[in-house]
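Report on the following structure.
FYI, it's all coordinate maths here, none of it is from the lab. Since we're looking at a predicted model, the values are computed, not measured. Glycine gets a Cβ as well: all are built from the backbone with ideal geometry, and neighbour counts include every protein chain shown.
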Protein chains: 4
Amino acid sequence: MTISLEQAQTIVRAALEHGTEQGFQPLTVAVLDTGGALVALGRQDGSGYLRPDLATAKAWGILGMGINNRALAARAADSPDIYTSLVALSGGKIVSVPGGVFIRDAQGTLLGAVGVSGDASLNDEAAALAGIAAAGLVSETGAEG
Amino acid sequence: MTISLEQAQTIVRAALEHGTEQGFQPLTVAVLDTGGALVALGRQDGSGYLRPDLATAKAWGILGMGINNRALAARAADSPDIYTSLVALSGGKIVSVPGGVFIRDAQGTLLGAVGVSGDASLNDEAAALAGIAAAGLVSETGAEG
Amino acid sequence: MTISLEQAQTIVRAALEHGTEQGFQPLTVAVLDTGGALVALGRQDGSGYLRPDLATAKAWGILGMGINNRALAARAADSPDIYTSLVALSGGKIVSVPGGVFIRDAQGTLLGAVGVSGDASLNDEAAALAGIAAAGLVSETGAEG
Amino acid sequence: MTISLEQAQTIVRAALEHGTEQGFQPLTVAVLDTGGALVALGRQDGSGYLRPDLATAKAWGILGMGINNRALAARAADSPDIYTSLVALSGGKIVSVPGGVFIRDAQGTLLGAVGVSGDASLNDEAAALAGIAAAGLVSETGAEG
């Protein structure tokens, strides 16, 4: 079970709209399936050319480790060495700052992850949450209640 | 001057619809700007996880060399050695088979390229052409009249 | 939906037993989930140290492209150029010879793939088939009826 | 002299069972021979797709340097520069945190190493020790008495 193209396109569209409405810097949004492969990506005009790789990496890293980016950040703080190894091992596709968010269905089944890059990382994350909500799906960032 | 997100999303949507209408295998469509960076990507359910890289490579290679894929294929036939070097130099992002198509505006200005992967390469190319036409833009494959 | 560890371990064990019973050269068997990540691997004593990468690649390539290795071989024969690009793009993880086999459940849902390396490729494939059958699952090689 | 497939499979099975009994997060266990090549690997359902690479790296790095991971961590603390170089040189396959353990026979002969990833690193290490003990072999972590 993994995210469908239609769900992924809804997430991209709604996340980008959220950024526009909030006056964020131009964003790039990437939606990955549970295996870490791209399903949909959109980059707003003016969003830099590294943003597709960075948005993808934010989602890829949390899926690859199976832990959210706040947990990744906690490990990086505990042990900078392991973080350095993970970054090298993954070719840079581990990113501990907010903006990579797990996507689950109402039953809690993991469907994939979304990564957003372009503005401050909490704004990136807010756009991801708006995208996931628009698709009627459930977010997990590690900052929940 | 480069392709806009809105144009790129139209190309992705229309190329995928063309594949569905024609009964093609599930496709992946990638639209790149003139600098070779992704603007929009969509992967249909069931399209393999290497397809995003392959669709991207089809567009990246023609942009990087500034020649269409039929011209790339002619060079590969003339001089297999240079083709091997190009493939290695680019990490595989040179692909000579059809499915990577330049996107130009009505005045002939280059806006980017689209790459399609998933079915036989002439079908991939047909989907790319349908996508570019739907955006009101002009295609260049090397097979033109 | 993807292969479980228990199913993957059954496949590894039974594929290796098949090789031993048939007097094959020492084998390595790798089972990957639908996203292309290892679930279980076993390398018999005396199987060379490149065999884990090669067995993994046989399964990874068919999953990544979504076509079996006979179809991969047909494309490579049609267009050696695309095969060269795919090999480079995937870091060598495209292998067209037999020995990579899709794993499906009774309903036809894709669960992953197994790759076997160590003996002649049709023997590798026979071991893969024996492993999948032992797990009560369904094989797809492209050589079916 | 190196670890046999049968010993390696016992280590994988017992290490995973230890994790299940202790209520650890889903684990991945990799057993490497003295040359640094995989002999057996098992990934529990739900263990992230980067875990096979990370578990393998934990074992590969200590074998490659010939020092245990506490000694690696001490060097990293003494000289962060050399650690950075080692990580880059090995493509991330140097990991200083616990979870990579040397495997020796009763006479002290080195047979290989096991790497475990999925939970906190001391829990990963505990699973590795349980696996090695189940195979009747001797562990070396650098934390010994």
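Quick look at the numbers
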| quantity | calculated |
| --- | --- |
| Residue match in segment C:41-56 (condition: in contact with a Phe, Trp or Tyr (Cβ under 8 Å, 6 or more places away or on another chain) and surrounded by fewer than 24 Cβ atoms within 10 Å (Cβ to Cβ)) | no |
| Selection within segment D:46-56 - charged (D, E, K, R) and more than 7 Å from every other protein chain (Cβ to nearest Cβ) | D:Arg51 |
| Selection count where residues are touching a residue at least 24 places away in the same chain (Cβ under 8 Å) and away from chain C (no Cβ under 14 Å), scope segment A:20-41 | 12 |
| Complete set of residues in segment C:1-27 that are farther than 16 Å from C:Asp124 by Cα and among the acidic types (Asp, Glu) | C:Glu6 |
| Residues (touching a residue at least 60 places away in the same chain (Cβ under 8 Å), buried (at least 23 other Cβ atoms within 10 Å of the Cβ) and not hydrophobic (A, V, I, L, M, F, W, C)) located in segment C:90-118 | C:Gly112, C:Gly115, C:Ser117, C:Gly118 |
| From the options A:Ala73, A:Ala37, residue that is within 24 Å of A:Leu111 (Cβ to Cβ), small (Gly, Ala, Ser) and touching a helix residue (DSSP H, G or I) at 6+ places or on another chain (Cβ under 7 Å) | A:Ala37 |
| Test: D:Gln7 is of a type outside the set (A, V, I, L, M, F, W, C) and away from every other protein chain (no Cβ under 11 Å) | no |
| Odd one out for D:Val87 among (1) closer than 30 Å to A:Leu32 by Cβ; (2) within 12 Å of the chain's Cα centre (by Cα); (3) crowded, with 24+ Cβ neighbours inside 10 Å | (2) |
| Selection within segment A:127-145 - of a type outside the set (D, E, K, R), within 21 Å of A:Ala74 (Cβ to Cβ) and not in a strand (DSSP E or B) | A:Ala128, A:Leu129, A:Thr141, A:Gly142, A:Ala143, A:Gly145 |
| Residue ranges of helices (runs of 4 or more DSSP H) in segment A:1-119 with at least 3 members within 29 Å of B:Leu54 (Cβ to Cβ) | A:5-22, A:51-65, A:80-89 |
| Some residue of segment B:11-19 being surrounded by fewer than 23 Cβ atoms within 10 Å (Cβ to Cβ), within 11 Å of chain C (Cβ to nearest Cβ) and closer than 25 Å to C:Ile67 by Cα | no |
| Which listed residue is more than 7 Å from chain C (Cβ to nearest Cβ) and in contact (Cβ under 8 Å) with a residue 24 or more places away in the chain, from B:Ala59, B:Ala74 | B:Ala59 |
| Test for C:Gly92: is it away from chain A (no Cβ under 14 Å), in contact with a helix residue (DSSP H, G or I) (Cβ under 8 Å, 6 or more places away or on another chain), at positive phi and small (Gly, Ala, Ser) | yes |
| Selected residue (criterion: surrounded by the most Cβ atoms within 10 Å (Cβ to Cβ)) from residues of segment D:20-30 that are over 10 Å from D:Gly131 (Cα atoms) and among the β-branched types (Val, Ile, Thr) | D:Thr28 |
| Where D:Val87 falls short, out of the listed (1) touching a residue at least 60 places away in the same chain (Cβ under 8 Å); (2) within 10 Å of another protein chain (Cβ to nearest Cβ) | (1) |
